[in-house]
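See below for the structure under consideration.
The values are calculated or read from the model by the stated rules, or taken from the named source; none is laboratory data. For clarity, every value in this text was computed on a predicted model and none was experimentally measured. FYI the Cβ positions are ideal-geometry reconstructions off the backbone, even for glycines, and counts take in every protein chain you see. Accessible surface is based on the protein model in full, side chains and every heavy atom, while ligands, DNA and RNA are left aside. Shrake-Rupley method; radii C 1.70, N 1.55, O 1.52, S 1.80 Å.
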Amino acid sequence: MEAITKLFKNNVRQYGMIIALVVIMILFTVLTGGLLVKPINITNLILQNSYILVLAIGMVLVIITGHIDLSVGSVAAFVGALSAIMMVDWGLPAWIAVIASLAAGALIGAWQGFWVAYVKIPAFIVTLAGMLLFRGLTMIVLEGQSISPFPDGFTKISSGFVPNLADTATNLVAILAGVAFTVLYILNELRGRREQARYNFEVTSTGLFVLKLAVIAIVINAFTFMLASYAGIPNILVLLFVLILAYSFMMNKTVMGRHIYALGGNEKAAGLSGIKTKKVTFWVFVNMGVLAAVSGLIFAARLDAATPRAGTNFELDAIAACFIGGASAAGGIGTVFGAIIGGLVMGVLNNGMSLIGLGIDWQQGIKGLVLLLAVAFDIYNKNKRAA
Amino acid sequence: MSEYILEMRGIVKTFPGVKALDDVNIRVRQGEIHSLCGENGAGKSTLMKVLSGVYPHGSYEGDILFEGQTCEFKDIKQSEEKGIVIIHQELALIPYLSIAENIFLGNERSKKGVIDWNETIMRTGELLKKVGLSENPNTLVGNIGVGKQQLVEIAKALSKKVKLLILDEPTAALNEHDSENLMRLMLEFKREGITCILISHKLNEVTRVSDSITILRDGHTIETMSMQEDGVTEDRIISGMVGRDMTHRYPERTPEIGEVALEVRGWTVYHEHHPDRKALDDINLTLRHGEIVGIAGLMGAGRTELAMSIFGKSYGRNISGQLVKDGKEIRNDSVSQAIANGFAYVTEDRKEYGLILMDDIKRNISLTGIGKLTKRAVVNEREEVLVAEDMRKRMNIKTPSILQKTGNLSGGNQQKVVLGKWIFSEPDILILDEPTRGIDVGAKYEIYTIIQQLAAQGKAVLVISSELPEVIGLSDRIYVMNAGRITGEVSREQASQETLMKYMTHTGGVKRGSDHQTV
């Protein structure tokens, strides 16, 4: 028991938000009489939040470098509008339009990155300008109208599911994916533990380790079972999963990731250590532009329309997700995984409050308080440890 | 009135997991200069924070008697009301406010809430005169040098009718000239009856001005000595601080000097903010393999500017001149190019420019040489751990784990991490800017040993230091700079504080030692 309390105390920061997420989920499960964890709602949760989560991945990189990007909602809308013009008005094939849209996102990112990294204008100002500029451009290219409908192949990005292997009531692919992922996860954890032991690092006791694996295995399989009993794995979940893995890998294991953290931690020291700080900043913004484009495409596909008001306030949700997930506004601290958890906290709150019939007015207020409390909790923890 | 203005009895202060102060006793006589000496982490600053109310009454054990009265300060405000003023190592001035505004900040001269500027300016003028600073009270603090800022801090203390002035490392950032000034000022205050507590690592200053000295080690009071009665020497203080005799402050070494490693020819650099002002003017110097070359100079002489402009043009504009490494001309147009050319630069301010404080030791060490640990841009973390562990042992970094955040390390250990980072990048030429600033005596010795080992491996080392004994003790050859020029070149044998000081204040062209062979 003592070991558990110790483990808990040491990892409050790391696991705090997961615990918060679980508590919020349980709360709304009770309040909605189980509606929240119905298979259809779990699937909906993913579909509803996918575009915010994609933004949060890019945003956490921007925040780690010590900047902010207020323009992502407008950029997402603008790219969505471009894709609609290309596919609906010009009749281009979806894949060409998607590639062109991503390129447009990269260009927009490069534009903003240039001002931030090379001209040294604070990102807050550059992206505030971008927020207005690209919202304006969206309205101009759409001439104030919505464009729809998109071709079928395109909307499948957001509304389609990975096809089932056989015609079964519960989706086999989802179940198998869950099992396969569990096995991979356990193998990876075992390998990590062996290595830790080899380097004489302190490892958690065997009992706790097994408990942790068991809990995670149950969560994964319960989740895929839920998906299986509705319609299977949404296409968008596959995309999200790939993005989360790829970006976590980049931030933790590659030189680029190291450089981003170092730059955010101390820009001057990073520069004098040979890191090309301007270049890194520039590329983080290019990356944000591409992910904003991805988000815009997902949203357009989900709505099956490009509208002038698409993406309004997306930037705020994405930024909130990063801070709830433990990122520091001063830079240098934050994780992709944390941002995803933060995004899910916001998502579950939205979804849960809608299910119990709270109005949008109350939803906004409560989300604001949650953001404030989450960051206050984080800072309180940090101070407690520093004292 | 009692003989002692301040008595602190049996002070115990615990932080979670550590006893920072354990039964500390100190008595300060009315009107004396009392020095507090001890290695970093000995508890000096903690003790002063207890005294000034930063740690409020109740968070420590023991008694504080000031002018015979028991004091229970809840915050700094209360201790200041009694006349206890502390000037911290990091100056607490606001750069965008004027000298006058800073001096009366929180203590504004006002009538019914409206600031009386005439009185503010007039009183500031009086205070500045007292501390010997001839600046306009309306000058922004950001526009005057560190030495003058220190004087503004003292003027601010005087404005509060100070009885006990505490100076925490007041000369750490000052050059010899400004330090000298400050020492004089302290003696002046003593004549006026102000008691001073001085915390300083510069023992020559301590022995010069103090009346008595209290030594702290590991949170205990070791001894209190009277300067006059006990005939205290610097070595005597050091042995008290480290708990052993330190016969050698600089490790023994026989230099093996090889071929010329670096030649800097006609290096001229224009000022970063004033494009028509030369920050460095026609600098020529040589550096040989296995040689430790010192650069002495007052603050503002252009030493750091020289180092940074060579290291990837990190300072200045319109840089002209040649860099010749091992006989071949090279270009250091960016930091990464300089690193690729085998240069390393350890900055003077390790917290601001040297370390990622929120990252652990391992990541800081691998940062510059990360290319050696990667395969197709993926970092081999196992190798990284081994490298960091190896460096921890070689540099004797005192830490429970290489996963410790560098922000939590002491100054000496932080400096070892910075050195370790650069050693891992395997440079041929190391430029060390104030490598032992703010580091305690024991760790200094270790840093000196590391520097000498690097030279013994055939690396060329350029050491910039404001402490003359250090430059002399460490270097094989010394260049002296003043106002952006090299004003002298002195061999180890000729070097004395007096000679260096002469060149440091000399404004003409190059003067070489008479018997020195030029290259």
Legend entry - Cβ-placed point charges (K, R +1; D, E -1), dipole of the stretch B:4-242 about Cα centre in debye, nearest 20: 680 debye
Legend entry - Summed side-chain charge close to A:Ser71 - residues other than A:Ser71 whose Cβ falls under 9 Å, Lys, Arg +1, Asp, Glu -1: -1
Legend entry - Dipole magnitude of the stretch B:331-417 about its Cα centre (Cβ charges: Lys, Arg +1; Asp, Glu -1), debye to nearest 20: 240 debye
Legend entry - Inter-label distance for A:Leu373 and A:Leu128, nm, one decimal - labels placed 7 Å from Cα along Cα-to-Cβ: 3.0 nm
Legend entry - Listed residues A:Val179, A:Ala197, A:Phe154: farthest to the positive end of the dipole of the stretch A:150-200 (Cβ charges): A:Ala197
Legend entry - Computed accessible area, A:Tyr15, all protein chains, 1.4 angstrom probe, square angstrom: 80 Å²
Legend entry - Antiparallel DSSP beta bridges within the protein assembly as shown, percent to nearest 5: 60 percent
Inset, instruction - In nm, give the distance between the simple-model label positions of B:Glu90 and B:Tyr250, each being 7 Å from the Cα along the Cα-to-Cβ direction. - result: 3.3 nm
Inset, instruction - Starting from the Cα of A:Leu27, move 7 Å in the Cα-to-Cβ direction to define the label point; list residues of the stretch A:320-352 whose amide nitrogen is under 16 Å from there. - result: A:324-325, A:342-352
Inset, instruction - Could you state the accessible area per residue of the stretch A:22-127 in Å², with a 1.4 Å probe and every protein chain left in place? - result: 37 Å²
Inset, instruction - Anything losing 20 Å² or more of accessible area from the isolated chain to the full protein assembly: pick those residues out of the stretch A:271-300, probe 1.4 Å, ligands and DNA/RNA ignored. - result: A:Leu272, A:Ser273, A:Gly274, A:Lys276
Inset, instruction - Within the stretch B:445-475, find all residues whose amide N lies under 19 Å from a label point positioned 7 Å from the Cα of B:Lys398 along Cα-to-beta-carbon. - result: B:445-451
Legend entry - In Hz, Karplus ³J(HN,Hα) per residue of the stretch A:331-341 (6.51, -1.76, 1.60; θ = phi - 60°; x = Gly, Pro): x, x, 10, x, 9, 4, 4, x, 4, 5, 4
Inset, instruction - Over the whole of A:248-255, what's the average partner chain Cβ count within 10 Å per residue? Rounded to a whole number, please. - result: 3
Inset, instruction - Take the alpha carbon atoms of the stretch B:325-384, find their center, do the same for the stretch A:82-141, and report the distance between the two centers in whole angstrom. - result: 35 Å
Legend entry - Sites A:Phe241 and B:Lys74, calculated FRET efficiency, Cβ-Cβ separation with R0 56 Å, nearest 0.05: 0.50
Inset, instruction - Starting from the Cα-Cα distance between B:Glu329 and B:Val378, subtract it from 0.36 nm times their residue separation and give me the gain in nm to one decimal. - result: 14.3 nm
Inset, instruction - Please tell me the relative contact order of chain A in percent, rounded to the nearest whole number, where contacts are Cα pairs under 8 Å and at least six residues apart. - result: 35 percent
Inset, instruction - Give me the percent of the accessible area of the protein assembly as shown that comes from carbon and sulfur atoms, probe 1.4 Å, all protein chains in place. - result: 57 percent
Inset, instruction - Using a 1.4 Å probe and ignoring any ligands, DNA or RNA, find the accessible area of B:Met501 and quote it in Å² to the nearest 10. - result: 60 Å²
Inset, instruction - Go through B:Met308, A:Met139, A:Met353 and list them by solvent-accessible area, largest first, probe radius 1.4 Å. - result: A:Met139, B:Met308, A:Met353
Legend entry - Contact order relative to length of the stretch B:4-242, as percent, for alpha carbon pairs under 8 angstrom and 6 or more apart: 28 percent
Inset, instruction - Could you compute the FRET efficiency for A:Lys212 and B:Asn143, with r as their C-beta to C-beta distance and R0 at 51 Å, rounded to 0.05? - result: 0.30
Inset, instruction - Using a Gaussian network model of chain A whose springs link C-alpha atoms within less than 10 Å, name the residue from A:Ala321, A:Ala330, A:Ala197 with the highest mean-square fluctuation. - result: A:Ala197
Legend entry - Choice from A:Val60, A:Val37, A:Val23 with maximal GNM fluctuation in chain A (Cα, 10 Å cutoff): A:Val23
Inset, instruction - List, in order, the whole-Hz ³J(HN,Hα) value for each residue of the stretch B:448-454 obtained from phi through the Karplus relation with A = 6.51, B = -1.76, C = 1.60 and θ = phi - 60°; use x for Gly and Pro. - result: 4, 4, 4, 4, 5, 4, 4
Legend entry - Computed Kirkwood radius, in angstrom, where 1/r is averaged over Cα pairs of the protein assembly as shown: 31.5 Å
Legend entry - Placed amide H near B:Gly294: partners under 5 Å, 5+ positions off or other chain: B:Val463, B:Asp476, B:Arg477, B:Ile478, B:Tyr479
Inset, instruction - Please check which bits of the stretch A:79-117 a label hung off A:Lys156 would reach, taking the label as a point 7 Å along Cα-to-C-beta and the cut-off as backbone N under 12 Å. - result: A:94-95
Inset, instruction - Could you state the angle between the C-alpha long axis of helix B:411-424 and the longest principal axis of the C-alpha atoms of chain B, as a value from 0 to 90 degrees rounded to the nearest 10? - result: 10 degrees
Inset, instruction - Starting from the amide H of B:Ile86, placed 1.01 Å from N in the peptide plane, find each other amide H under 5 Å away whose residue is 5 or more places distant or on another chain. - result: B:Ile166
Legend entry - Gyration tensor over alpha-carbon atoms, chain A, equivalent ellipsoid semi-axes in Å: 33, 28, 21
Legend entry - Accessible-area order (highest first, 1.4 angstrom probe) of the listed residues A:Phe150, B:Phe15: B:Phe15, A:Phe150
Legend entry - Relative contact order of chain B, defined on C-alpha pairs under 8 angstrom at six or more residues apart (%): 14 percent
Legend entry - Residue-span extension gain [B:Lys161 to B:Leu105] - 0.36 nm each, minus C-alpha spacing: 18.7 nm
Legend entry - Computed accessible area, A:Glu189, all protein chains, 1.4 angstrom probe, square angstrom: 40 Å²
Inset, instruction - First measure r as the distance between the Cβ atoms of A:Gln145 and A:Asn313, then evaluate 1/(1 + (r/R0)^6) with R0 = 22 Å and state the FRET efficiency to the nearest 0.05. - result: 0.55
Inset, instruction - Would you be so kind as to identify which of A:Tyr380, B:Tyr353, A:Ile298 lies farthest towards the positive end of the dipole of the protein assembly as shown, taking Lys and Arg as +1 and Asp and Glu as -1 on Cβ and the Cα centre as origin? - result: A:Ile298
Inset, instruction - List the accessible area buried at the contact between B and A, summed over both sides and calculated with a 1.4 Å probe, in Å² to the nearest 100. - result: 2500 Å²
Inset, instruction - Name the long-range amide H neighbours of B:Tyr345: under 5 Å, sequence gap of 5 or more, or other chain; modelled H, no Pro or chain starts. - result: B:Ile431
Legend entry - Sequence of B:Met299, B:Met391 from largest to smallest accessible area, 1.4 Å probe: B:Met299, B:Met391
Legend entry - Relative packing of B:88-98, A:48-58, which averages over residues the other C-beta atoms within 10 Å, highest first: A:48-58, B:88-98
Legend entry - Two-decimal Rg/Rh across the stretch B:351-426, once Rg and the Kirkwood Rh are taken from alpha-carbon atoms: 0.94
Legend entry - Listed residues A:Thr335, A:Thr32, A:Thr168, most fluctuating in chain A (Gaussian network, C-alpha, under 10 Å): A:Thr168
Legend entry - Debye, to nearest 20: dipole size of chain A, +1 on Lys, Arg Cβ, -1 on Asp, Glu Cβ: 1300 debye
